[in-house]
Structure formats: structure tokens, C-alpha cells
Amino acid sequence: MEVGTERGGVQKDRKTCASSCSSLKMFLVALSFAYFAKALSGSYMKSTITQLERRFDIPSYLVGIIDGSFEMGNLLVIAFVSYFGAKLHRPKIIAVGCVLMSVGTFIIALPHFITGRYEFESSARWDVNATPNLSPCPSGSPTEPSQYSQLSEVPATGCEGDSNLSMWIYVLLGNVLRGIGETPVQPLGISYIDDFASEENAALYVGCVQTISVVGPVFGYLLGSLCAKIYVDIGFVKLESISITPADSRWVGAWWLGYIIAGIITLLSAVPFWFLPRSLHISGSEHTPGKPEQTSFIKNSAPIKHKYPAEERMSFIEMAKDFFPTARTLLGHPVYLIYLCVTIIQLNSLIGMVTYKPKYIEQHFRQSASKANFLMGVINIPAVAIGIFSGGLLMKKMKLNIMGAAKFAFVTSFIGYILSLFFFAMSCENAKMAGVTLPYNSVTGISYEKPSVFNACNSQCFCSTNNWDPVCGGNGITYVSPCHAGCTSSTGSGTNTVFSNCSCVGVAGNFTASTGQCPDKDDCDRMFPYFLALSVITSFIISLGGTPGYMLLIRCIKPQLKSFALGFHALATHTLAGIPAPIYFGAIIDTTCLKWGQKRCGGIGACKIYNTTAYRIAYLGLTLSLRTISFLICIPGFILLSRQLQREERDALRGSLTNGGTELEALRKEEFVITNSEPLQRSKDNGTGRETRL
């Protein structure tokens with residue numbers, strides 16, 4: 001009977017272990033999917049930077065605030081989630097987080113459905129049967145302004161109701177909620193795997209999750225590329241009536257569509273977590289605490305311990321008292337403090353560069369938003385992923401110690417820095433736009449001395465200074481609008497509209513202009529492939545030092561401070577890099593704007609055209625200046641790290657000598673005892689021998 005009971009218990013144990021293993025694998029799949037979903041929506045947010053600018057008529061720094069609001073939401077709850085979440089049902093907490101992420105993503109898309117249709121200024125006729133001789137430059141007087149100047153200078157009736165002035169706030173609030181929802185996914189997910197997976201499998205599982213998270217940005221940028229090709233009001237307007245193309249600076253893609261798709265994916269990622277248990281049978285243990293076998297065969301046996309010893313329970317007051325001395329000890333560690341400063345500065349450079357890189361490609365190389373996002377997803381992100389993986393592999397093969405890891409990270413970052421200097425040479429001239437980048441009486445020679453958009457050739461048109469409806473003249477020069485080109489008539493409709501009798505074009509026998517800016521980007525097309533190639537190489541080389549640099553953070557401090565050091569590092573980088581970098585990068589980019597748009601109800605809107613030379617210097621100069629500062633800080637860091645390692649070696653040697661002396665003393669005592677016992681033993685042996693002989 002007892003044997004049968006024992007067999008039944010063993011079978012029950014096996015079933016429990018099998019159930020726990022399947023639950024752990026299910027958790028691993030669910031967590032990987034959640035990582036994919038959050039990475040996809042995060043990268044999609046960055047791919048819609050220019051779309052949000054144009055749709056809501058806001059400057060770059062404001063979009064930077066929206067982008068940084070994710071980190072703000074994350075910081076609001078990260079301390080509470082990390083501490084209290086581990087004591088609750090972790091899978092369900094992660095599920096709640098995924099639902100909040102999904103709701104936040106849907107809120108970001110909400111303004112599209114509660115505001116009016118996107119309206120852009122255009123002189124092109126939408127209907128073929130409309131008036132055949134629509135004049136962009138009607139004759140009149142200053143007291144009788146044309147319909148085009150009235151559109152920009154006088155607020156339209158009821159504009160308060162249709163204004164997009166506050167719609168971007170929904171995007172910001174949605175992104176904050178998305179940041180709050182993302183908080184429990186990483187700390188609680190990784191700790192759950194670490195608690196219930198065997199030691200040999202835990203690292204593999206975490207590596208799988210991190211690898212999946214790298215795939216998310218690839219699909220995020222590809223989704224951004226797809227949605228940027230689709231017109232924002234698809235399904236609500238006739239596509240034949242749209243007079244702009246995706247290459248036009250007024251084009252806004254279906255930015256909202258990607259957020260709906262990302263929201264649905266994130267919502268689906270929450271489903272499996274609701275069905276997972278709070279705890280599992282610890283993988284790799286043969287018995288669970290309190291099992292019948294243990295109780296019956298091992299009397300007074302202690303329960304099986306977890307693979308990591310549990311910390312002693314402390315009251316909140318005791319933890320609070322211990323917090324500040326621990327923080328003082330950590331921040332008093334010179335190597336850690338310098339590492340923290342270096343990573344914060346380099347992350348400022350990295351985050352600012354990545355956030356506005358698609359916009360830089362659009363503005364400087366005159367590529368569409370769709371193509372810029374596609375290239376980021378297909379070329380840049382995979383290069384970073386391969387670089388991170390290769391860096392970890394090289395570190396393992398080369399068996400780098402802490403100093404070797406520091407040198408490796410520094411060298412790769414410095415090589416990438418040197419290669420990045422060549423980006424300054426990859427210039428592309430700005431578009432030739434009369435009255436903006438060159439005077440009306442000049443055909444060649446770009447000038448940024450703010451020439452006037454008004455000239456004798458369009459003096460009879462009474463154009464508005466706020467008009468933005470670019471047309472390409474037959475002379476290869478772009479004009480701000482048909483009115484500013486002095487065109488008096490038009491034929492055709494939509495993108496096929498042709499404006500004629502343009503007094504400012506001035507080409508013999510060809511006084512016409514067509515809709516949109518002049519292509520005139522031969523020099524950009526020749527330079528762009530070199531830019532892409534160099535971008536991939538630098539991204540790969542810089543990423544090689546990612547893993548060794550992270551290992552330096554873990555190894556440069558005492559083991560008992562590791563968790564606190566990692567948490568403080570994450571908090572500092574989120575606060576001092578994730579939030580401010582997009583804001584001040586955007587503000588500096590705004591200073592290079594040549595012509596600002598005008599909001600429907602007044603006020604400055606989104607920038608229409610930038611000074612590409614100033615843009616390049618500001619964007620690249622700020623990125624590389626931050627890296628230069630970080631390299632200068634590395635010099636004392638290497639000195640302090642070297643001293644720390646020498647001190648640890650001396651302490652270890654002194655400790656070994658102390659231990660060696662203790663062992664030698666014990667050995668001498670043992671020899672003394674043996675030596676003293678030998679005569680006694682011999683006397684006993686002699687006595688025994690005599691007794692035997694007798």
C-alpha cells in the first residue's frame with residue numbers, strides 16, 4: 001500500500017513538473033510577444049515624427065515632448081511596480097500593463113476620428129468640370145485681397161471648433177499611458193523567468209526574449225513606411241482629388257492606422273498572461289517543499305531552498321533608513337559614477353540621433369517619409385542587432401576581463417565617432433526656391449539672407465506671405481505658390497494642373513509651372529547611397545561595444561549593490577536622456593527653419609522648409625559634440641578603473657598571503673603534534689614488544 005502511494009506521489013510530481021514546464025514555455029512565448037508589441041509601437045512612434053508635425057501643425061520640439069512623454073509615464077510608476085509587483089500575481093500585472101499600453105495606443109489614434117479632415121492649401125482644381133480658367137493671381141487691390149491671402153491671414157469662421165490646436169494633447173496623454181503600461185513588462189517578466197527557470201536555461205530564455213525585442217523595431221519602421229504611403233483621410237476623400245504626392249512637404253500619411261494595428265497587437269499580447277499561474281514548480285528541483293516523500297523519509301528536513309536565498313524581511317522604515325546609505329555608497333563609487341555620466345551623455349546623443357534620423361533623411365536627401373522609414377527598418381535596425389550580438393560573441397571568444405571590456409567598448413565607440421565625421425562631407429544643397437533660398441533675379445547660387453518672396457513680377461497679385469502651395473517653374477526653380485510665381489491661369493486638375501502665363505518664371509516661350517516642388521535632386525541621389533552605407537557601418541561598429549559596456553556596469557561594483565546599481569542606472573538614463581534629448585534636439589532643429597507654416601486660427605505651425613546646411617551642422621554637430629564630451633570623461637574613468645583593479649589585486653594577494661600564513665601555522669602545529677607523539681608511540685611499541693617477548 002505504501003509502495004502504491006509512493007508511486008502515485010512520484011507520478012503526481014512528474015505531472016506537476018510537466019505542467020510547470022509547459023506554463024513556463026507559455027510564459028516565455030507570451031513575454032516575447034509582449035516585447036515585440038511594445039518595441040513595434042515604440043519604433044512606430046518615432047517613424048511618425050514628421051507626420052504628426054504636419055497633421056497637427058506643431059514644431060519639432062513639441063513632437064520631442066510627445067516622444068519623451070513615454071519615458072515620463074514610465075518613471076511615474078516604475079518604483080511602485082518594481083517593488084510591489086514582485087509581491088503580487090506577476091503575470092496578471094503584466095497583462096494589465098499590456099492592456100494599458102493598448103488603450104494608450106488607441107488614444108494616440110483618437111484625434112483622427114474626432115477632428116475634421118486634413119486640409120492643405122492648394123491652388124490646383126480638384127474637379128475636371130470646374131471653372132476652366134481659375135486664376136491664382138486675380139487682379140485686385142490691397143483693399144480687396146484675393147481668396148488665397150484671405151485663407152491664410154484671416155481666421156476662418158468657426159475655426160475654434162475645427163482647430164487642431166489641442167489635438168496633439170491626446171497623442172501626448174496616450175503616449176504617457178503607453179509608458180505606464182510598459183513598466184511591468186521587463187522587470188516582472190525577467191524576474192519571473194529567473195525565479196522559475198533552471199539556472200542553465202534562464203540566460204537562454206532571457207536572450208531569446210531580448211532577441212525578439214530587436215525584431216519589433218524592424219516591423220515598426222516597416223509599418224511606418226507602409227502607412228506613410230497611404231493618404232491620411234483614406235476612405236473619406238476621393239484619391240483622384242488629391243493634388244499632392246507622398247514626396248510633397250504637405251503630405252500626411254495614414255499615421256493613425258499604424259497605431260490601431262499596434263494597439264490590436266498589444267491587446268492580443270495581454271491574453272495569455274491572464275491564464276498563467278502566480279508561481280511554478282521550480283525547474284530543476286526534484287521535490288517541492290512539503291512533499292510526502294520528504295516528510296516520510298527525511299525527518300525534520302528543511303524545505304528545499306530557492307536557487308537564490310530570500311532576503312530577510314525588513315520593515316518599510318528599515319528599508320528607508322538603509323536606502324540613503326546604500327545610495328551614498330553607490331554614488332561614492334568613482335568608476336560607477338563616471339560610467340553613469342558617460343552612458344547618460346552617449347544615450348542623449350543616440351536617442352536624439354535616432355529620433356530625428358528619418359526626418360534628417362527626408363529633409364536633407366529629399367526622400368519621402370515612407371522611404372526613410374523603410375530604410376531605417378530594413379538597414380539600420382538589423383545592423384544594430386547584429387552588432388550587439390557580435391559584441392557579446394567577441395567578448396566571450398576573447399575572454400575579456402573588466403578592463404578589456406572597457407577598452408573594447410571605448411575603441412568601437414571611437415572608431416564609429418571617427419567614421420561619423422565623414423557625414424559632414426555628405427552634403428546636399430537645398431531646393432532652389434525663389435524668395436526663400438535665392439532671390440527672384442537669380443537662377444543659380446543658394447542664398448540664406450532671407451530674400452523677399454515678393455517681386456515686381458508678382459506685385460499685381462497681392463499674395464499672402466503665409467501661402468505655401470509650391471509649384472515648379474519651367475526654369476527649374478520652385479516658387480512658394482502659383483500666386484508668387486505670377487501665374488494668371490491654370491488648366492487640368494489635381495496633380496496634372498498646369499499654371500500658365502507665370503510672369504516670374506521668365507523662360508522664353510515657356511511661362512508655365514506645375515504643382516509640387518521641382519525634383520532637382522541629382523546630387524542628393526548620387527550622395528544618398530554613400531550615406532546609407534556609412535550609416536550601416538557606423539551603426540554596426542558602435543553597437544559592437546554595447547554588450548561589453550553593459551558588462552562593465554555589472555562588474556565594476558560589488559555584487560550586493562548590483563540590483564540597486566542597475567535600477568539607478570535605468571532611472572538616471574530615462575530621466576536625463578530619454579526625456580530631454582528629443583526635446584532639445586527638436587528645438588535646435590527648429591532654429592534652422594527658413595519658412596514656418598501658419599495655423600488656421602493664427603500662430604506658428606510646422607516648418608515647411610529648412611536650411612539644409614544649418615540642419616546638417618546642427619544635427620550632426622550636436623550628436624558628435626555629446627560623444628566628444630563622453631570620450632573626455634572616459635580618460636579619468638580608465639585611470640580610476642585601473643587603480644581599482646590594482647587595489648583589488650593587492651587586497652586579493654594580501655588575503656591569500658594571510659590565508660597562506662594561517663594554513664602554514666596550522667601545518668606547523670600539526671607537525672609539532674605529530675613529532676611529540678612519535679616518542680610516546682615508540683615507547684608504547686617497545687613496551688608492547690617486551691610484553692610480547694615475555
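The values are calculated or read from the model by the stated rules, or taken from the named source; none is laboratory data. Quantities reported herein were computed from a predicted structural model and do not represent experimental measurements. When we count neighbours, we look across all protein chains shown, and the Cβ atoms used for this are built from the backbone with ideal geometry, even at glycine. What goes into the accessible areas is simple: the full protein's heavy atoms, side chains included, and nothing from ligands, DNA or RNA. Shrake-Rupley method; radii C 1.70, N 1.55, O 1.52, S 1.80 Å.
Tabulated data
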quantity	calculated
Rg and Dmax of region 19-67, Cα atoms only, in Å	17.6, 55
Pairwise label distance in nanometres, residue 495 with residue 526, each label 7 Å out on the Cα-Cβ vector	2.7 nm
Cleavage-rule hits (chymotrypsin sites (Phe, Trp or Tyr not before Pro)) in region 581-631: DSSP loop, at most 15 neighbouring Cβ within 10 angstrom	none
Apportionment of accessible area to carbon and sulfur, region 327-463, percent (1.4 Å)	69 percent
Ranking by accessible area, most exposed first, for 649, 121, 429 with a 1.4 Å probe	649, 429, 121
Inter-label distance for residue 639 and residue 76, nm, one decimal - labels placed 7 Å from Cα along Cα-to-Cβ	4.5 nm
Exposure of residue 645 as accessible area (Å², to 10), given a probe of 1.4 Å and all protein chains	40 Å²
Cα gyration tensor category, rounded, prolate or oblate, for region 530-628 with a/c compared to 1.5	oblate
Cα gyration tensor shape for region 329-483, rounded if a/c is under 1.5, else prolate or oblate	prolate
List 249, 427, ordered by accessible area with a 1.4 Å probe, largest first	427, 249
Placed amide H near residue 597: partners under 5 Å, 5+ positions off or other chain	605, 606, 607, 608
Additional length obtainable on full extension of the chain from residue 456 to residue 117, 0.36 nm per residue less Cα span	118.4 nm
Exceeding the 26 Å Cα-Cα cut-off - candidates 229/599; 357/396; 25/397; 92/357; 229/357	357/396; 25/397; 92/357
Radius 14 Å from Cβ of residue 399, net charge of other residues (Lys, Arg +1; Asp, Glu -1)	+4
Sparsely packed trypsin sites (Lys or Arg not before Pro) within region 324-405, loop by DSSP, other Cβ within 10 Å at most 15	399
Sparse-neighbourhood loop sites, chymotrypsin sites (Phe, Trp or Tyr not before Pro) in region 219-280 - DSSP loop, at most 13 other Cβ within 10 angstrom	236
Exposure of residue 420 as accessible area (Å², to 10), given a probe of 1.4 Å and all protein chains	10 Å²
3J(HN,Hα) from dihedral phi, region 186-193, Karplus parametrisation 6.51/-1.76/1.60, rounded to Hz, x for glycine, proline	6, x, 6, x, 5, 5, 5, 5
Label zone at residue 337, where the point sits 7 Å out along the Cα-to-Cβ direction: region 613-645 residues whose backbone N lies under 13 Å	637, 640
